[in-house]
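For reference, the structure discussed in these notes is given below.
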Amino acid sequence: MEDATRSFGKGSLPPGPVPDGLIRVYSMRFCPYAHRTRLVLRAKGIRHEVVNINLRNKPEWYYTKHPFGQIPVLENSKCQLIYESVIACEYLDDAYPGRKLYPYDPYERARQKMLLELFYKVPHLTKECLVALRCGRECADLKLALRQEFCNLEEILGYQNTIFFGGDCISMIDYLFWPWFERLDVYGIADCLNHTPALRLWTAAMKQDPTVCALLIDKNIFLGFLNLYFQNNPDAFDYGLAC
Amino acid sequence: MSGSARSLAKGSAPPGPVPEGLIRVYSMRFCPYAQRTLLVLTAKGIRHEIININLKSKPEWFFKKNPFGLVPVLENSQGQLIYESAITCEYLDDVYPGKKLLPDDPYEKARQKMVFELFSKVPSLVTSLLRKQNEEDCSGQKEELRKEISKLEEVLTNKKTTFFGGNSLSMIDYLIWPWFERMEILELNDCVDHTPKLQLWMAAMRKDPAVSALLMEPKALRGFLNLYLQNSPEACDYGL
């Protein structure tokens, strides 16, 4: 995988400028937000390089890329920096030719952005469930709240009667949602999809997508990362990389 | 363009379909989010009709327009509905010809969206300060607001331009303007007293035809706010 490189930590030298014809993404192999950007890069066949950041031990130079040291950040050969995962994804769709991931039709485009609003509680809830379970706490309430959010998404698929959120083909909105659904199993909350058959069909269809497939994270490696992450081990981010 | 129509409330009949050649905005005369949409409609010269909604007594049919029951909502003659103020503004810019408010350049467009993110904490801070107008303990929130506003000052300082998107007014300026207008009217001016470039920006904004066409009457805003904070169903029609 393109992003199977060791992360940059404190004391590391900053990478040089981005070569012409390439775009760089500052990322972390297990981050769902960065995952969105990597999906779009892959789906559009954009030549890119990945620089992984050690999020528990951030390089000082990284704050010149993002004021709060967050990922993902895109950097192009003109030294332009773009951040917030959704903004980065839209930038890539606008700036690069080929397959358009957002619809051309302004209303359909607006619809995808409205759908994204419906999704906004999911990242926080899935993370809270993960943390609760890892800390040995109960999370029935959180799971209930998450199931409710999934019901709302289920309703959309039912109303539209389409496989994907943007219609019968995969599009931007599906890629923007996917990273959290991929993580349900490894977070231990896959049963939150028990009452949402259309959403289960959607996840099955997503797993057939070549882009999604190419970036699927190995479950054991993810578990290894999570174990180290919750022990506050700064080596977590490089877990599973060959030495 | 009538923005002074009485609002529709619970028990009202739903409006008919939108005539061709027109776009409808469900709005409320004092809502800052709806003001964004009205600014874009005005700036782009888009023929539109306004239906004001009584937000303290919402018509049942309004939830069919937006399941969240919030304004603004756009409805076109094809019956398509668009909500979330920023999404409505971008939709209008995409669909209608004339002056483009969002840049064509993908990086400049992304830059406007990044500035918009920088602004994101301001609305809730201004709202909570407006609600606390009569209480003493606003100092913490005022400090927070000043901090957020400083980030915007920094953008103008780094860019060395009058407006947030360059030397002409563009989408990002319209998206953030409504809260600065309210800060002035409601005497939260001290929150911008350390930001000279923002003060220049505010003065420049007031000269814009769309901004000045939609400026609120200070007395009307105060009257509305007073009733709104008491949950009065008369609030949204104050001054009519």
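The values are calculated or read from the model by the stated rules, or taken from the named source; none is laboratory data. Fair warning: this is a prediction, and the values are worked out from it, not measured in the lab. Here the Cβ positions follow ideal geometry from the backbone for every residue, glycine too, while neighbour counts run over all protein chains shown.
So the values come out like this:
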{"item": "Criterion violated by A:F150 - all others in (1) modelled with pLDDT of 95 or more; (2) surrounded by fewer than 16 Cβ atoms within 10 Å (Cβ to Cβ); (3) more than 10 Å from every other protein chain (Cβ to nearest Cβ) satisfied", "result": "(2)"}
{"item": "Selected residue (criterion: nearest to A:I173 (Cα to Cα)) from residues of the stretch A:54-87 that are free of Cβ contacts under 8 Å to residues at least 60 places away in the same chain and of a type in the set (A, V, I, L, M)", "result": "A:I87"}
{"item": "Meets criteria (exposed (fewer than 14 other Cβ atoms within 10 Å of the Cβ) and without any contact (Cβ under 8 Å) to a residue 12 or more places away in the chain) for B:K159", "result": "no"}
{"item": "Filtered residues of the stretch B:24-50 (kept if in a loop (DSSP other than H, G, I, E, B) and either among the small types (G, A, S) or surrounded by 20 or more Cβ atoms within 10 Å (Cβ to Cβ) (or both))", "result": "B:M28, B:R29, B:F30, B:C31, B:G45"}
{"item": "Single residue of B:L125, B:L92, B:L169 found to be surrounded by 18 or more Cβ atoms within 10 Å (Cβ to Cβ), in a helix (DSSP H, G or I) and more than 11 Å from chain A (Cβ to nearest Cβ)", "result": "B:L125"}
{"item": "Residue in the stretch A:182-201 that is within 14 Å of chain B (Cβ to nearest Cβ) and either in contact with a Lys or Arg (Cβ under 7 Å, 6 or more places away or on another chain) or not β-branched (V, I, T) (or both) present", "result": "no"}
{"item": "Residue list for the stretch B:95-112, filter: at the interface with chain A (Cβ under 8 Å from one of its Cβ atoms) and either touching a Pro at 6+ places or on another chain (Cβ under 7 Å) or at positive phi (or both)", "result": "B:V95, B:K109"}
{"item": "B:L175 at pLDDT 95 or above and assigned to a helix (DSSP H, G or I)", "result": "yes"}
{"item": "Residue count for the stretch B:170-187, restricted to those that are touching a residue at least 60 places away in the same chain (Cβ under 8 Å) and either among the basic types (K, R) or touching a strand residue (DSSP E or B) at 6+ places or on another chain (Cβ under 9 Å) (or both)", "result": "3"}
{"item": "Any hit, the stretch A:56-69, residues being within 13 Å of chain B (Cβ to nearest Cβ) and closer than 21 Å to A:I217 by Cβ", "result": "no"}
{"item": "Every residue from the stretch A:103-131 that is within 11 Å of another protein chain (Cβ to nearest Cβ) and either touching a His at 6+ places or on another chain (Cβ under 7 Å) or hydrophobic (A, V, I, L, M, F, W, C) (or both)", "result": "A:A110, A:M114, A:L115, A:L116, A:L118"}
{"item": "Criterion: assigned to a helix (DSSP H, G or I), at pLDDT 95 or above and surrounded by fewer than 19 Cβ atoms within 10 Å (Cβ to Cβ) - qualifying residue of A:I217, A:I221", "result": "A:I221"}
{"item": "Residue list for the stretch A:162-200, restricted to those being touching a Phe, Trp or Tyr at 6+ places or on another chain (Cβ under 6 Å) and among the hydroxyl-bearing types (S, T, Y)", "result": "A:T196"}
